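The values are calculated or read from the model by the stated rules, or taken from the named source; none is laboratory data. Owing to the predicted nature of the structure, the values given are computational and were not obtained by experimental measurement. Please note: Cβ atoms are built from the backbone with ideal geometry, for glycine as well, and neighbour counts cover all protein chains shown.
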Number of protein chains: 4
Amino acid sequence: MDELKQSRVRLIFDNANFVRDLGMQLTRIEDEYCETVLIPSARHRQQHGLIHAGVLATMADHSSGCSARSAVGLDQDVVSVEFKINFLRPAIGDRLRCRGSVRRSGRMLVV
Amino acid sequence: MDELKQSRVRLIFDNANFVRDLGMQLTRIEDEYCETVLIPSARHRQQHGLIHAGVLATMADHSSGCSARSAVGLDQDVVSVEFKINFLRPAIGDRLRCRGSVRRSGRMLVV
Amino acid sequence: MDELKQSRVRLIFDNANFVRDLGMQLTRIEDEYCETVLIPSARHRQQHGLIHAGVLATMADHSSGCSARSAVGLDQDVVSVEFKINFLRPAIGDRLRCRGSVRRSGRMLVV
Amino acid sequence: MDELKQSRVRLIFDNANFVRDLGMQLTRIEDEYCETVLIPSARHRQQHGLIHAGVLATMADHSSGCSARSAVGLDQDVVSVEFKINFLRPAIGDRLRCRGSVRRSGRMLVV
């Protein structure tokens, strides 16, 4: 993958305070794909001791955003307009991995 | 509103580490309704300087959850199974308020 | 409301075979708003005798589309890119009414 | 796959007037999976000549419902509570195929 584009994707990560603050790491960048990892700790939990839905949503949103960024031109940028998330099972474990990939890249929208 | 139920809603808030860590405050509890407030700071931002979508999603999710908790029996609990969010405009400003309300309370699902 | 724009909204309705075939009627057009009506019959039902979710989704989609069309320029057109629907209660009754309204009208997206 | 369960899935199809009326056919049933086919005609179109989003939503909803029915007990039934759909590209062509599969089958919800 193009190094310049890779650096643009990385910038989305490095310049996002909230994502750094959460402890998310960008572990892989490919064309229209990226992976992120989070080591959950006590602060990421909700009232039942599970990882908070908002943490999962943040990972999903930002990982998708990174993969979308890799799908558009160097001079273009992306911003989230909507997402839908289903929580299929309780998030536990000592390492969360999130995979973001592009299903369809259009002129105005990337899904 | 019943004080005991109100305290149960408050517990959802007080016991959720991630929500406390973000700085969210529960400012109002009514039947099937609640309001939360967040004073955004630098750490809540994404790469363009806006409030991160994940912060908004966390507020929306947790505020909805609190309103749902107020709609079910004292001996019942709630957990998020899914949500959809549209980002209608950039989140800026020095105070975010989120209103959670119940549209439909069923035996198994609250929307 | 501008008559020319009203006629453009009506065209979305009149030229949509599937909507006419279903029996949907456009009963009201305003700026960023429209109402449609369907008189349900046996053919609209699913296996439990309720109105099929697909009928409700079609009404919601097309009514939203009409309201969105009224929100954009005369020389612009709209097409559905996504929707989310919650089925809050069983659809019964002898007259279904659907209200479509615009929450946010942007340059590229209307919600 | 169990023949009795297969027949229950088929019933969801055969007893759904709207689905029969549209011309949808159930072409494959497996555990937690099914396929449906629709031969589009003029009546399925919207104002631009594409297959109407409501037709696609109906296929997606009903095919998912069939796969969900195959995932629950013989004495249980399913009903749609919500769905989200993204329209990734214009639906054209002379044969639409829809694949429904189960991602997660819980006690109360099937996704």
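Table for the structure above
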item	result
Selection from segment A:10-41 of residues that are touching a strand residue (DSSP E or B) at 6+ places or on another chain (Cβ under 6 Å) and modelled with pLDDT under 95	A:PHE13
A:ARG20 being touching a residue at least 60 places away in the same chain (Cβ under 8 Å), within 11 Å of another protein chain (Cβ to nearest Cβ) and in a helix (DSSP H, G or I)	no
Among (1) within 25 Å of C:ILE12 (Cα to Cα); (2) without any contact (Cβ under 8 Å) to a residue 60 or more places away in the chain, the one test that D:LEU38 misses	(2)
Those residues of segment D:94-111 which are assigned to a loop (DSSP other than H, G, I, E, B) and either away from chain A (no Cβ under 11 Å) or closer than 20 Å to C:HIS52 by Cα (or both), in sequence order	D:ASP94, D:ARG95, D:ARG107, D:MET108, D:LEU109, D:VAL111
Single unsatisfied condition, B:GLU35 versus (1) more than 24 Å from A:VAL78 (Cβ to Cβ); (2) facing chain A (nearest Cβ under 8 Å)	(2)
So A:ASP2, is it in contact (Cβ under 8 Å) with a residue 40 or more places away in the chain and charged (D, E, K, R)	no
Residues of segment D:42-93 satisfying the condition of being part of a helix (DSSP H, G or I), at the interface with chain C (Cβ under 7 Å from one of its Cβ atoms), surrounded by 19 or more Cβ atoms within 10 Å (Cβ to Cβ) and hydrophobic (A, V, I, L, M, F, W, C)	D:ALA53, D:VAL55, D:ALA57
Output for segment A:1-17, where each listed residue is acidic (Asp, Glu) and within 12 Å of chain B (Cβ to nearest Cβ)	A:ASP14
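Rundown of residues vs (1) within 30 Å of D:ASN86 (Cα to Cα); (2) small (Gly, Ala, Ser), yes/no style:
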{"position": "B:ALA53", "(1), (2)": "yes, yes"}
{"position": "B:SER63", "(1), (2)": "yes, yes"}
{"position": "B:ALA71", "(1), (2)": "no, yes"}
{"position": "B:GLY93", "(1), (2)": "no, yes"}
{"position": "B:LEU96", "(1), (2)": "yes, no"}
{"position": "B:SER105", "(1), (2)": "yes, yes"}
